[in-house]
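These notes concern the structure reproduced below.
The values are calculated or read from the model by the stated rules, or taken from the named source; none is laboratory data. Please read all numbers here as calculations on a predicted model, not as lab measurements. Please note: Cβ atoms are built from the backbone with ideal geometry, for glycine as well, and neighbour counts cover all protein chains shown.
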Amino acid sequence: MDWGQDTLRAGFCHALSEMYKSEVPLYGDLVDLVWKADAEAINTSRKLGGANAIDPDDVLPSRNRVERHGAIRLGTAQELSTIRRMFAVMGMSPVGYYDLSVAGFPMHATAFRPKSREALARHPFRVFTTVLRMDLLTERTRDLAQRALKQRNIFTDRLVALIDHAEIQGRLTPDECKEFIAEGLETFRWHSKATVTLDEYKILKAEHPLIADIVSFPSCHINHLTPRTIDIDLVQKMMQDSGMPAKERIEGPPRREYPILLRQTSFKALEETVYFRDSNEAYVKGSHTARFGEVEQRGYALTRKGRKLYDDILARVNTTAAETGADSTKYEEILEQGFEEFPDDLRQLQEQELAYFCYHLTPQAGQGLDITKASLSQLLKDGVLEYEPITYEDFLPLSAGGIFNSNLGSESQAKRLIMEAEADLDGFQKMMGTPATDEISLYEQMQRDSLETCRVQLGLEEIVV
Ligand code: OOG
Ligand code: NI
């Protein structure tokens with residue numbers, strides 16, 4: 001077998017998923033449940049028939065079945081820049097910037113993922129990667145955090161050697177790939193022995209539970225893995241029915257005929273036994289809550305205009321909900337009402353330029369039009385071109401915020417530092433050692449590339465958009 005980046009990424013994701021299943025068995029149950037839900041959704045839709053019947057090959061291409069995203073939390077520039085190099089070996093680049101201070105967390109983030117349509121179709125593994133913002137910590141906590149982080153090394157020596165080697169050689173041999181996977185897993189493995197004392201842990205946790213999670217352990221344990229489903233409402237119901245500690249509600253836009261962006265839900269983080277060092281270098285028993293399982297349903301990528309409409313509606317919904325002290329049932333109502341304004345119709349999404357699409361020639365498109373220039377709308381009207389929505393491959397920070405909150409309590413001093421913070425893309429990119437790609441520009445480019453292919457195939461000089 002040829003071990004290109006795509007194969008390595010697929011192999012790594014699979015190995016990580018197996019490791020996480022053995023660490024958090026409930027995650028394995030969730031994966032099983034998603035398979036069941038998807039099969040049921042397809043069956044129901046087949047029975048109903050009609051124009052909207054789900055075509056399993058269409059909706060569940062092979063990538064959905066293996067698709068996972070994970071999340072890790074890092075502490076230092078050295079960790080972030082090395083992770084960036086490690087993911088690059090697997091064909092994953094930093095895309096997007098997420099300022100999590102808006103959700104009350106002293107962190108910012110990017111997502112490492114494949115960028116091209118082809119690589120995404122082969123295996124879309126992505127890892128949401130946050131790094132602690134030392135500038136948002138109080139002095140005592142910052143000192144403690146820096147001291148704890150300085151003495152840990154989350155990468156094995158062999159892994160770093162393999163990364164160096166891959167950078168110089170351009171690729172790894174099949175044997176090296178297998179070693180890379182085994183060594184790489186060590187970075188994400190859970191360790192129940194903390195590197196700090198119980199007292200130190202308490203100080204970190206009092207400032208923010210996530211600081212304790214980032215700083216107290218010898219690795220950057222994966223904190224959740226997320227399979228993708230085609231019917232998240234069904235998964236949510238099945239989670240509740242089977243007694244999983246499911247979150248109360250699904251984050252993101254409400255259920256729609258034509259899904260947009262991303263909807264997510266999860267089971268709540270588990271309380272796990274951990275051991276802290278005491279002053280005699282003995283270990284004392286304690287507990288830590290961080291790891292959970294999540295599920296997501298992906299919809300269409302929105303244009304800047306579409307995203308603005310989404311953000312505006314959500315902001316209004318949240319204000320109304322806060323003002324009226326809405327419970328979760330009421331919130332759902334307000335959300336659905338708010339989103340009535342967002343067209344739930346493919347044609348309107350295209351005409352109003354709210355979502356991104358890939359264009360192609362229809363089977364009946366005659367070649368050699370005897371014109372040199374045509375407008376996109378005319379070509380669509382004449383049945384020369386058709387389109388399909390582009391999937392959203394990224395994250396929703398507010399949704400992430402919701403997930404954080406429901407998992408990790410909200411006690412937080414030093415709140416002011418975080419609430420007054422501003423985004424710091426520059427600082428983030430300096431820590432990482434490279435820029436992050438703007439995600440919207442990637443979707444824009446995909447749409448443009450598809451139109452360019454159509455133009456060439458039709459022998460036109462220009463397609464006017
Ligand atoms: C990051 C959570 C972000 C998502 O799906 O939005 C994320 C974290 O928990 O560290 O994974
Ligand atoms: Ni997630």
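A few points about this structure:
- Test: residue in segment 59-80 that is surrounded by fewer than 19 Cβ atoms within 10 Å (Cβ to Cβ), modelled with pLDDT of 95 or more and not in a loop (DSSP other than H, G, I, E, B): yes
- You will find that of LEU376, LEU346, LEU369, the residue that is at pLDDT 90 or above, out of contact with any strand residue (DSSP E or B) (no Cβ under 6 Å at 6 or more places or on another chain), more than 30 Å from GLY70 (Cβ to Cβ) and of a type in the set (A, V, I, L, M, F, W, C) is LEU346 and no other.
- Selected residue (criterion: nearest to the chain's Cα centre (by Cα)) from residues of segment 310-320 that are surrounded by fewer than 19 Cβ atoms within 10 Å (Cβ to Cβ) and either among the β-branched types (Val, Ile, Thr) or within 18 Å of PRO389 (Cα to Cα) (or both): ILE313
- Taken together, LEU234, LEU302 contain a single residue that is more than 16 Å from ligand 1 (Cβ to nearest atom), more than 30 Å from LYS202 (Cβ to Cβ) and surrounded by 22 or more Cβ atoms within 10 Å (Cβ to Cβ), which is LEU302.
- A single entry from PRO209, PRO227, PRO254 fulfils the requirement of being within 16 Å of ligand 1 (Cβ to nearest atom), touching a Leu at 6+ places or on another chain (Cβ under 8 Å) and under 29 Å from THR303 (Cβ atoms): PRO227.
- From the list PHE276, PHE217, the one residue that fits, being over 21 Å from the mean Cα position of the chain (by Cα), within 16 Å of ligand 1 (Cβ to nearest atom), buried (at least 17 other Cβ atoms within 10 Å of the Cβ) and not in a helix (DSSP H, G or I), is PHE217.
- Put simply, of PHE105, PHE87, PHE112 the only residue that is aromatic (Phe, Trp, Tyr), within 14 Å of ligand 1 (Cβ to nearest atom) and within 25 Å of ALA10 (Cβ to Cβ) is PHE112.
- Residues that are free of Cβ contacts under 8 Å to residues at least 60 places away in the same chain and in a helix (DSSP H, G or I), drawn from segment 220-264: ASP233, GLN236, LYS237, GLN240, ASP241
- Members of segment 422-465 found to be of a type in the set (Gly, Ala, Ser) and farther than 23 Å from GLN78 by Cα, listed by number: SER441, SER450, GLY459
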